[in-house]
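Taking it in order: structure first as structure tokens, then the write-up.
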Amino acid sequence: MLALRILGLGARLLLALSLVCFLLGGYLLYRGLAFDRTTLTTTGTVVSYREVHDGDATRWRPRVKFTTPAGDIITFEGQLATTTQRFAVGAGVPVIFAPGKPSEARLATFADNWFGPVASGVVGILAFGAGIFIRRAAKRSLASA
């Protein structure tokens, strides 16, 4: 009987996790779409990388330089730190930026802009499915006991 209650609690926790993931994914998707509506696109150049130490691991964030239509030279860091240097220094990379805030530019790649919403959605779907499965299994066991 106690095991079934623990399973029921686990199912509720998974369902709560799925709700949090769906809300986070929706928020990230909204922010990404709102940013995309007002942006300009250009090509930037990777000028260097910044090391980010995460415990024992070292991650790399690219520093990218681009020129706005007004002629301003902007340098920014990519928002995604990875275990490898994704682009060669000197390589051209796609950049998106809001005309009024070019310093808040982003790399225009899937990983930098859409990985967060997609990952949140996938984790939410998996947690929801597992929560429903465990809840039904616990109810069936309780009914047959």
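Return the Rg/Rh value of the range 11-144, two decimal places, where both radii are evaluated on C-alpha atoms and Rh is the Kirkwood radius. Intermediate results must be reported in sequence, preceding the final value.
On the way: Rg = 20.2 Å, Rh = 17.3 Å.
Rounded to two decimals, Rg over Rh is 1.17.
Using θ = phi - 60° and the Karplus curve 6.51 cos²θ - 1.76 cosθ + 1.60, what whole-Hz ³J(HN,Hα) does each residue of the range 139-144 get, with Gly and Pro shown as x?
So the Karplus estimates, Gly and Pro as x, are 5, 5, 5, 5, 5, 7 Hz.
Add -39500 (n - 2.57) for each DSSP H run of 4 or more in the chain, then divide by its residues: what number comes out at 222 nm, to the nearest 500 deg cm²/dmol? Let's see the in-between values first.
Working: 3 runs with 70 residues, N = 145.
Rounded to the nearest 500, it is -17000 deg cm²/dmol.
Give a residue-ordered list of calculated ³J(HN,Hα) values for the range 73-79 (Karplus: 6.51 cos²θ - 1.76 cosθ + 1.60, θ = phi - 60°; whole Hz; x for Gly, Pro).
In residue order, the calculated couplings are 9, 10, 10, 9, 9, x, 7 Hz.
For the range 35-49, in order, what is each residue's ³J(HN,Hα) by Karplus, 6.51 cos²θ - 1.76 cosθ + 1.60 with θ = phi - 60°, in whole Hz (x at glycine and Pro)?
5, 5, 5, 10, 9, 10, 10, 8, 10, x, 10, 6, 9, 5, 10
Hey, fewest Cβ within 10 Å first, where do Asp56, Asp72, Asp36, Asp112 land in order? Before the final figure, lay out the partial values.
Values: Asp56 5, Asp72 10, Asp36 14, Asp112 19.
Final ranking by Cβ density, sparse to dense: Asp56, Asp72, Asp36, Asp112.
Find how many whole Å separate the alpha carbon centroid of the range 1-34 from the alpha carbon centroid of the range 44-117.
One Cα centre to the other: 31 Å.
Based on the Cβ-Cβ distance from Lys65 to Thr38, what FRET efficiency comes out when R0 is 30 Å, to the nearest 0.05?
On the way: r = 22 Å, r/R0 = 0.72.
The value I calculate is 0.85.
No lab work stands behind these numbers, since they all come straight from the coordinates. From a predicted model like this one, the values you see are computed outputs, not experimental measurements. All Cβ positions, glycine included, derive from the backbone under ideal geometry; neighbour counts span all protein chains shown.
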